[in-house]
1. When a footprinting reagent is the concern and you count Cβ atoms within 10 Å, what order do 100, 82 take, fewest first?
2. When each pair of different Cα atoms in the chain is counted once in the 1/r mean, what is the Kirkwood radius in angstroms, to one decimal?
3. Taking the Cα-to-Cβ direction at residue 185 and at residue 226 and moving 7 Å from each Cα, how far apart do the two end points lie in nm?
4. Past the 21 angstrom mark, what percentage of all C-alpha to C-alpha distances in the stretch 105-238 do you count?
5. Going by alpha carbons, how many degrees (0 to 90, nearest 10) lie between the helix axis of 261-274 and the longest principal axis of the chain?
6. From zero outward in steps of 5 Å, how is the percent of C-alpha pairs of the stretch 19-114 spread across the bins?
7. To the nearest 20 debye, what is the magnitude of the charge dipole of the stretch 133-306 about its Cα centre, counting +1 on the Cβ of each Lys and Arg and -1 on the Cβ of each Asp and Glu?
8. For the stretch 165-225 and the stretch 15-87, what is the separation of their C-alpha centers, rounded to whole Å?
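What follows is calculated from the coordinates using simple rules that are stated; it is not laboratory data. Worth saying up front: this structure is predicted, and the values here are computed from it rather than measured. All Cβ positions, even for glycine, are placed from backbone atoms using ideal geometry, and neighbour counts span all protein chains on display.
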Amino acid sequence: METSNSLTIIEQDHPALQPSRNPVVVYLASLGSGSRRAMKQALRVIAEMLTGTESDPASLPWWKVEYQHTQAIRSLLMERYSPASTNKMLAALRGVLRESWRLGFMDAETFHRAIDINTVKGNSIPKGRSVGSGEINALVEECYHDMSPAGIRDAAILALLYAAGLRRSEVVALDLADYDGEAGSLKIVATKGNKARTVYLGNGAKAAMTGWINRRGDDAGPLLYRIRKGGKIISERLTDQAIWVILEKRFRKARVKPFTPHDLRRTFAGEMLDAGVDLVTVQHLMGHASPVTTSRYDRRDEKTKMEAATKIHFPMVGNWRG
């Protein structure tokens, strides 16, 4: 199927819908906070394809999207994005079309034809990087040299991201009641698909959390609090964006190469697998629905290939000149 940069099959001049009747609003409301932002952006990309211009997804009549349109959208996405990103965007499209059908804007036959989109096959290397042990040490040292409450709090955040492999949305959703200080266990409830799981902190990570709770106090509420300049602790929950800001501050001061919160989660997975922890256990710790997702973070195959490359002898004669 030949495609251009957009399909331009939807006009934006239809009456606005009440939020409770808007397929996009209803769909996004069904998602966890961590997924909502990503899926909203995915819908923005598809909305631009459908209209030929930047558009608010919530302003479009998605029920006008039919089978031929979804196939063309799939083709356009495949040209621009990785298989994983394409499939994520197609999932968002299916979700909005499903709500359009449930709300009575589409008949069943049109809906089922429209969502009959094959997933895109193919493996992609996860973006980002692993954070080295020396870098982790430098970050923790930077936190412990900060004598304000933010120092021990930020060390606890690093422990949750790196030593427990949590998503940043899971980190900020934790309450004090979710942590068992004696066992070092954390109950993770607000995850993708609302699948609860238990993870554990050990050794230095557990000590960092104990240090933070001693500063925080035992009042019920969010596990992690905001801290104002001057070191005043505010009993308010951190946001996803705050985690980014905190990490950026720490890696700059520690003179560590920039990384994302997900890079710490990626490093957790790689180090677990490198240490010989079986794939299914790591899958459960990370809260992945499928071991296939977890296997994408397995670095062992790359190390094996690197070692194999040294088995081939290529003669080195004198000093090579360019």
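1. Going from sparsest to densest Cβ surroundings: 82, 100.
2. 22.6
3. Each label point lies 7 Å from its Cα, and together they span 3.3 nm.
4. Within the stretch 105-238, distances greater than 21 Å cover 52 percent of Cα pairs.
5. With rounding to tens, the tilt is 70 degrees.
6. Using 5 Å bins, I get a P(r) of 2, 14, 26, 26, 21, 8, 1 for the stretch 19-114.
7. 560
8. Comparing the Cα centres of the stretch 165-225 and the stretch 15-87, I get a distance of 34 Å.
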